[in-house]
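Trainee: Mind having a look at this structure? Questions to follow.
The values are calculated or read from the model by the stated rules, or taken from the named source; none is laboratory data. Please read these numbers as outputs of a predicted model, since none were measured by experiment. Every residue, glycine among them, receives a Cβ derived from its backbone with ideal geometry; neighbour counts consider all protein chains shown.
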Amino acid sequence: MAAKKKYRVTVRAKVRNQLLRRGGAAAGVALGVLFASWVFGAGIKASRQFLESRVFSFRPGSFEINCPSPEVAASLKELADRAVKSRLSSGRCAELEREVKSRHPGLASVKVSRNFLTGKAGLTAVPEEVVSAVLADGATVYLGTTGRLMPENLSGFAAGPFAVELAGAPREAPGFAAFLSGLKPLAGLFYSAPLALYCDGSSWDCRLKLEDGTTVLWGKFEFTRLKVLRLNEVMRDASRKTAGPLRADLRSFSEGKIFVSAVKQTVTPKKPARAGAF
């Protein structure tokens, strides 16, 4: 039996060179991927170290205080001086904000910020605008635009055109604050200057006392400007017919009604003269 012939496969030089180039390119890509992965990992590690040193161990060299109230600014500086060079994490920032708000409830907002590039921190406080001073159950408080009754006035509020008294004062009265914000600028439109506003904090029944002795039962906090204008018309006509003091009832104003009546005067009986001794 004849022996089988063996054939040797030979690769031409051109094809062999192409295969070598392809293999070298693949190896280069693999090395590039490995190098990029190493660089990326090193960058992540360096970034983590930077964040840990800058963010998690941030210690401000100084604080910038921003508040229009001199009283609060002095208080903020005291807190800031204690926090300088101390670790200031996000949790510590929240603690400082709560401490400032507890010290000064008349503030609308408090913000502690950190600048990781400059190494400085900031403390910004904004007072809540006051609508009116209010005598609430015997104590003077300040009604803010949000309806909060605050023990301090930090907005530079000046006394209003009339006094405000509130019985059974709630913690917040946003509707009352909005009503006063609209009523105060209209004080000059009244035929007789308003002197005092008395309100019940539970029912919100309000009485407005005017300079001529008239008592106005105000009703709901609506149609404020229109009520003032119609009141002027009605009271000028009523004063010509009825001697004062008068009472104007606006509680049915939404139905187109205003009731005017004379206030009954309480006559105190005179005590009989004491007989002299004989």
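Trainee: Say whether the condition of being touching a residue at least 40 places away in the same chain (Cβ under 8 Å) and either surrounded by fewer than 17 Cβ atoms within 10 Å (Cβ to Cβ) or over 30 Å from Lys227 (Cβ atoms) (or both) is met by at least one residue in region 168-179.
Mentor: Looking through region 168-179, at least one residue is touching a residue at least 40 places away in the same chain (Cβ under 8 Å) and either surrounded by fewer than 17 Cβ atoms within 10 Å (Cβ to Cβ) or over 30 Å from Lys227 (Cβ atoms) (or both).
Trainee: Among the numbered conditions (1) out of contact with any Gly (no Cβ under 9 Å at 6 or more places or on another chain); (2) more than 13 Å from Leu143 (Cα to Cα); (3) not acidic (Asp, Glu), tell me where Lys227 comes up short.
Mentor: Exception for Lys227: condition (1).
Trainee: Looking only at region 164-186, decide whether some residue is under 16 Å from the mean Cα position of the chain (by Cα) and among the β-branched types (Val, Ile, Thr).
Mentor: no
Trainee: Starting from region 206-231, take each residue that is outside the structural domain of Lys184 (by TED's automatic domain parsing) and touching a residue at least 24 places away in the same chain (Cβ under 8 Å) and list its partners that are charged (D, E, K, R) and part of a helix (DSSP H, G or I), counting only C-beta distances under 9 angstrom and pairs at least six apart or across chains.
Mentor: Here the result reads none, with nothing in region 206-231 linked to a residue that is charged (D, E, K, R) and part of a helix (DSSP H, G or I).
Trainee: Next question. When only residues in region 187-207 that are surrounded by 15 or more Cβ atoms within 10 Å (Cβ to Cβ) and within 17 Å of Glu233 (Cα to Cα) count, which is nearest to the chain's Cα centre (by Cα)?
Mentor: Pro194
Trainee: Give Arg225, Arg251, Arg230, Arg274 a once-over and let me know the one that is closer than 23 Å to Asp205 by Cβ and either modelled with pLDDT under 90 or touching a strand residue (DSSP E or B) at 6+ places or on another chain (Cβ under 7 Å) (or both).
Mentor: Result of the check over Arg225, Arg251, Arg230, Arg274: Arg251.
Trainee: Next up: Can you name every one of the strands (runs of 3 or more DSSP E) wholly within region 137-254 that holds 1 or more residues which are among the acidic types (Asp, Glu) and under 30 Å from Gly106 (Cβ atoms)?
Mentor: It comes to 163-167, 194-200.
Trainee: Quick one: Thr146 ticks every box in (1) crowded, with 17+ Cβ neighbours inside 10 Å; (2) under 13 Å from the mean Cα position of the chain (by Cα) except a single one, so which number is it?
Mentor: (1)
Trainee: What is the one condition in (1) buried (at least 16 other Cβ atoms within 10 Å of the Cβ); (2) modelled with pLDDT under 95; (3) not in a strand (DSSP E or B) that Leu123 does not satisfy?
Mentor: The single condition Leu123 does not satisfy is (3).
Trainee: Any idea which residue in region 67-89 is farthest from Leu143 (Cα to Cα), counting only those that are of a type in the set (Gly, Ala, Ser) and loosely packed, with under 12 Cβ neighbours inside 10 Å? Steps first, answer last, please.
Mentor: In the first step, residues of region 67-89 are kept if they are of a type in the set (Gly, Ala, Ser); the result is 69, 73-75, 80, 83, 86, 89.
Narrowing the set further to residues that are loosely packed, with under 12 Cβ neighbours inside 10 Å leaves 74, 86.
On the way: Ala74: 24, Ser86: 37 Å.
This residue is Ser86.
Trainee: Next question. What pairs come out if I take residues in region 184-196 that are farther than 18 Å from Ala133 by Cβ and pair them with residues that are hydrophobic (A, V, I, L, M, F, W, C) and modelled with pLDDT under 95 whose C-beta lies under 6 Å away, six or more apart or interchain?
Mentor: Filtered contacts from region 184-196: Tyr191/Met235.
Trainee: Follow-up. Can you list residue pairs whose Cβ atoms sit under 6 Å apart, with the first residue in region 255-273 being assigned to a loop (DSSP other than H, G, I, E, B) and the second being modelled with pLDDT of 80 or more and not aliphatic (A, V, I, L, M)? Count only pairs 6 or more apart in sequence or on different chains.
Mentor: Between residues of region 255-273 that are assigned to a loop (DSSP other than H, G, I, E, B) and residues that are modelled with pLDDT of 80 or more and not aliphatic (A, V, I, L, M), the close pairs are Val263/Pro245; Val263/Arg247.
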